[in-house]
């Protein structure tokens with residue numbers, strides 16, 4: 001996808017692709033695993049897997065968006081990632097018999113392939129391309145988890161918001177007359193849940209970014225007017 005990013009200024013976008021909480025992969029990658037008999041529809045708000053469940057299936061998103069969310073014993077919520085078309089989840093507990101570390105929830109109507117464990121292992125043991133794709137997903141998730149820990153430890157809220165906005169440009173950016181339109185609706189509460197902050201704090205930073213001329217909002221969508229300033233924020237950490 002092309003955006004209005006100046007030449008030589010894509011480094012931060014590429015970095016945040018690797019640490020992105022949005023898991024999106026070409027669906028055709030998983031073709032040897034897919035079968036119509038495994039395809040299931042899940043309405044919005046359906047809890048597909050619960051935190052602490054034992055892995056019995058692996059899921060691949062055909063359409064829609066699934067949120068992975070963890071809750072602490074005190075009831076505090078942390079959004080871990082989102083799986084979109086081609087996204088794989090549920091595989092984390094298969095190899096060591098561990099439980100799922102998050103709940104998976106359909107945040108829009110979804111169609112998912114629910115792959116039985118037996119079929120999953122049969123394919124990855126005989127198909128090197130699928131095996132490599134699974135390792136790539138696991139590697140990305142590990143990178144994401146470490147980056148989230150580091151971001152919470154060392155990155156302030158401005159850094160975390162700027163990082164998410166930079167990634168959203170790469171995934172949902174559309175050229176606009178005054179910058180790059182992020183063609184994905186989200187609220188300040190959505191952002192707060194994702195970066196583990198409060199809605200009030202997020203709203204304060206969004207007002208600051210607006211006053212600085214970095215962003216503006218039109219018809220429920222955000223436009224990034226100054227990518228350079230966002231990159232300066234994330235590169236300071």
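The values are calculated or read from the model by the stated rules, or taken from the named source; none is laboratory data. Keep in mind it's a predicted model, so treat the numbers as computed, not measured. Heads up, the Cβs are rebuilt from the backbone with ideal geometry, glycines too, and the neighbour counts pull from every protein chain shown.
Look at (1) free of Cβ contacts under 8 Å to residues at least 40 places away in the same chain; (2) surrounded by fewer than 18 Cβ atoms within 10 Å (Cβ to Cβ); (3) over 17 Å from residue 82 (Cβ atoms) and you find that residue 214 fails only one, number (2).
So is residue 143 touching a residue at least 60 places away in the same chain (Cβ under 8 Å) and either on the phi > 0 side of the Ramachandran plot or surrounded by fewer than 14 Cβ atoms within 10 Å (Cβ to Cβ) (or both) or not? Spell out how you get there, then give the answer.
Values: touching a residue at least 60 places away in the same chain (Cβ under 8 Å): yes; either on the phi > 0 side of the Ramachandran plot or surrounded by fewer than 14 Cβ atoms within 10 Å (Cβ to Cβ) (or both): yes.
In short, yes.
Considering only the range 100-114, state which residues are in contact with a helix residue (DSSP H, G or I) (Cβ under 7 Å, 6 or more places away or on another chain) and surrounded by fewer than 19 Cβ atoms within 10 Å (Cβ to Cβ).
Just the residues of the range 100-114 that are in contact with a helix residue (DSSP H, G or I) (Cβ under 7 Å, 6 or more places away or on another chain), to begin with: 113-114.
Once the filter is applied, which keeps residues that are in contact with a helix residue (DSSP H, G or I) (Cβ under 7 Å, 6 or more places away or on another chain) and surrounded by fewer than 19 Cβ atoms within 10 Å (Cβ to Cβ), the range 100-114 yields only 114.
When we screen 31, 74, 37 for residues that are farther than 30 Å from residue 236 by Cα and at pLDDT below 90, the only hit is 74.
For residue 97, the test of being at positive phi and in contact with a helix residue (DSSP H, G or I) (Cβ under 6 Å, 6 or more places away or on another chain) is failed. Checked against (1) in contact with a helix residue (DSSP H, G or I) (Cβ under 7 Å, 6 or more places away or on another chain); (2) surrounded by fewer than 16 Cβ atoms within 10 Å (Cβ to Cβ); (3) within 16 Å of residue 35 (Cα to Cα), residue 117 passes all but a single condition, namely (1).
Among 108, 134, which is within 17 Å of the chain's Cα centre (by Cα), farther than 17 Å from residue 67 by Cβ and either outside any helix (DSSP H, G or I) or in contact (Cβ under 8 Å) with a residue 40 or more places away in the chain (or both)? If you could, list the steps in order and put the result at the bottom.
Details: 108 fails: farther than 17 Å from residue 67 by Cβ.
Only one candidate passes the filter, namely 134.
Tell me, please, whether a residue that is closer than 26 Å to residue 85 by Cβ, under 14 Å from the mean Cα position of the chain (by Cα) and outside any helix (DSSP H, G or I) can be found in the range 164-172. Checked against the condition, which is being closer than 26 Å to residue 85 by Cβ, under 14 Å from the mean Cα position of the chain (by Cα) and outside any helix (DSSP H, G or I), the range 164-172 yields no hits at all. Filtered by the rule that a residue be touching a strand residue (DSSP E or B) at 6+ places or on another chain (Cβ under 8 Å) and assigned to a helix (DSSP H, G or I), the range 173-194 gives 193, 194. So for the range 195-210 (the condition being within 20 Å of the chain's Cα centre (by Cα), outside any loop (DSSP other than H, G, I, E, B) and under 20 Å from residue 65 (Cβ atoms)), does at least one residue qualify? Yes, the range 195-210 has at least one match. I'm trying to understand the selection: among the residues of the range 52-94, which are within 14 Å of the chain's Cα centre (by Cα) and in a loop (DSSP other than H, G, I, E, B)? Correct list: 64, 65, 84, 85, 86, 87. Within the range 211-225, restricting attention to residues that are over 14 Å from residue 161 (Cβ atoms), modelled with pLDDT of 90 or more and not in a strand (DSSP E or B), which residue is nearest to the chain's Cα centre (by Cα)? Here the answer is 225.
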